[in-house]
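The values are calculated or read from the model by the stated rules, or taken from the named source; none is laboratory data. All of these numbers come straight from a predicted model, not from anything done at the bench. Cβ placement follows ideal geometry from the backbone for every residue including glycine, while neighbour counts extend to all protein chains displayed. Ligands, DNA and RNA are excluded from the accessible area calculation, which covers all protein heavy atoms including side chains. Shrake-Rupley method; radii C 1.70, N 1.55, O 1.52, S 1.80 Å.
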Amino acid sequence: MDYTFHDQELNSGNKRKDFRLDILLKKNDHAIIIEANTSYEERTRRKNYSYLYRIAGSLYEKGENYDKKVKVTLINLIKDYCKEDKKQGLDAYEFRSEKYHNLIEDIESYEIYLEKYKGICYNGDNKVEAGFALLLAEDYEEAKRIVGDWKEGKEILDELGRLEQNDEFNALYNAEIVQ
């Protein structure tokens, strides 16, 4: 894809609590924010939307350039708990004016409830669903079972295996866990 990976440690701007965005991908006129949350409550939604609005505003370089069309997509990956107890897997949000119902086309948000995909294995037809299930794998054997003969899934597992053998990566990862 033509996206570049940007500083995933972008601060939300909150001075009292240091919230940090998980993943930010950008290309010329589009940014994708990926947030991974164990649970999803109203405060988490507010925090994630603050990232959405902040990134949407920061894509403009000059005040005169606001006629440039840019789009920001927020993808919330939610592991298990949600107040609304949504089990449908995917929920999409549109942003509209209350009075006139005009759609704000430049921002969008998706919530993906991963619990729905638990136990799904690749069957030749379900790459997206198997990819979501892979995020829930608790060990390498479960991940291998999910991937099956999926080519891209095997590439992901190979890369994870290489990272596991990389002492520099593991030192950074362990330091982040401790911190």
Using a 1.4 Å probe on the protein heavy atoms only, what accessible surface does residue 5 show? Give it in Å² to the nearest 10. 120
Using θ = phi - 60° and the Karplus relation 6.51 cos²θ - 1.76 cosθ + 1.60, list the HN-Hα couplings for the range 29-38 in order, rounded to whole Hz, with x at every Gly or Pro. 10, 8, 10, 10, 9, 10, 10, 10, 10, 5
Among the listed pairs 27/69; 127/154; 71/116; 118/144; 47/71, give every one whose C-alpha distance is greater than 21 Å. 71/116
Need the full-extension length gain, residue 95 to residue 123, defined as separation in residues times 0.36 nm minus the C-alpha distance. One decimal, nm. 6.5 nm
Equivalent ellipsoid dimensions for the range 100-145 as semi-axes, Å, which come from the Cα gyration tensor, largest first: 32, 11, 8
Would you calculate the separation in nanometres between label points at residue 144 and residue 73, each defined as 7 Å from the Cα along the Cα-to-beta-carbon direction? 3.3
Just want to confirm a number: the relative contact order over the range 115-164, from Cα pairs under 8 angstrom separated by 6+ residues, in percent. 33
Determine the order of 54, 162 by accessible area, beginning with the largest, at a probe radius of 1.4 Å. 162, 54
Distant-in-sequence amide H partners of residue 109 (H built 1.01 Å from N, under 5 Å): 74, 93
Rule-of-thumb Rg ratio for the range 92-179 [Cα; 2.2 N^0.38 Å; N residues]: 1.53
Report the GluC sites (Glu not before Pro) located in the range 86-171 that are in a DSSP loop and have at most 11 other Cβ atoms inside 10 Å of their Cβ, or state none. 94, 98, 105, 138
Simple label model, 7 Å out from Cα along Cβ direction - residue 135 to residue 171, nm: 3.1
